[in-house]
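Chemist: Before I ask anything, let me first share the structure, which is written out below as structure tokens.
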Amino acid sequence: MLPVASGSWMAGATGRSRRDWRAHPQAPIFPAMSFLRSISPIRAYRDLRLFLSQRKPHELIFLVLALAITWAVMFAIASNSTVQKIYRPNIVYVQQWPENRTDAEIIAQQKIDGPIEKQREEEIRKQQAETQAAYKRLDDKLKKYGF
């Protein structure tokens, strides 16, 4: 529309006064958003029906065959693509003792091994407590954000 002077006979015909002349509204910040508004599943379905109704029967047969072959290849690849779990042997080392040990030797060895075993168990408990505290801190942070 061309600009019209306010005193002109056309000023009343357009219904705009001189004060209404301003710059065009700004384009949306995200132009993709305006594109997404025009997408409709119903219109897409209608468009697909229209496209398929204009195809010849042999074209539809080849379409179905192409889709079936594609899905069969994808299924074959997906079903054969299993990842094997890495085998890590669980090796347990044990001490070997002579068969003819006396009870006194057994008790003496238990007195030596007892404090070492208690110290090892205490270290494990400390590590578990530290891990539990770390998870508690993480849980508190997530609760703070509403998760």
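The values are calculated or read from the model by the stated rules, or taken from the named source; none is laboratory data. As the structure is a computational prediction, the values presented were derived from the model and not from experiment. All Cβ positions, glycine included, derive from the backbone under ideal geometry; neighbour counts span all protein chains shown. Heads up: the accessible areas ignore ligands, DNA and RNA and are worked out on the full protein's heavy atoms, side chains in. Shrake-Rupley method; radii C 1.70, N 1.55, O 1.52, S 1.80 Å.
Chemist: Students often forget the sequence filter, so: which lysines lie under 20 Å Cα-Cα from residue 144 once same-chain residues fewer than 8 apart are removed?
Modeler: 136
Chemist: What is the ratio of the Cα radius of gyration of the range 30-103 to 2.2 N^0.38 Å, where N is its residue count, to two decimals? Walk me through the numbers on the way to the answer.
Modeler: Working: Rg = 31.4 Å, N = 74, 2.2 N^0.38 = 11.3 Å.
It is 2.78.
Chemist: In what sequence, highest mean first, do 52-58, 108-114 appear when ranked by Cβ atoms within 10 angstrom?
Modeler: The peptides rank, most packed first, as 108-114, 52-58.
Chemist: What does the accessible area per residue of the range 48-121 come to in Å², with a 1.4 Å probe and no ligands, DNA or RNA counted?
Modeler: I get 102 Å² per residue for this part.
Chemist: Would you mind computing Rg(Cα) / (2.2 N^0.38 Å) for the range 76-147, counting N as its residues?
Modeler: With N residues counted in the range 76-147, Rg over 2.2 N^0.38 Å equals 2.10.
Chemist: Enter the Cα centre distance for the pair the range 119-147 and the range 37-69, rounded to the nearest angstrom.
Modeler: Rounded to whole Å, the Cα centres lie 55 Å apart.
Chemist: Let me ask another. Just to confirm the filter: which chymotrypsin sites (Phe, Trp or Tyr not before Pro) across the range 64-101 are DSSP coil and have at most 12 other Cβ within 10 angstrom of their Cβ?
Modeler: Those that pass, being in a loop and sparsely packed, are 87, 93.
Chemist: May I pose another question? Report, to the nearest whole %, how much of the accessible area of the range 69-138 belongs to carbon and sulfur atoms, 1.4 Å probe, protein only. List each step's numbers first, then the result.
Modeler: Working: 4240 of 7320 Å².
Ligands and nucleic acids excluded, carbon and sulfur reach 58 percent.
Chemist: Count charges around residue 116 for me, please; just the other residues with Cβ under 12 Å from its Cβ, Lys/Arg as +1, Asp/Glu as -1.
Modeler: Once all neighbours under 12 Å are counted, the net charge is -2.
Chemist: Sticking with this structure for a sec: Please compute the modelled spin-label separation between residue 62 and residue 95, points set 7 Å along Cα→Cβ, answer in nm with one decimal.
Modeler: Placing both labels 7 Å beyond Cα along the Cβ direction yields 8.0 nm.
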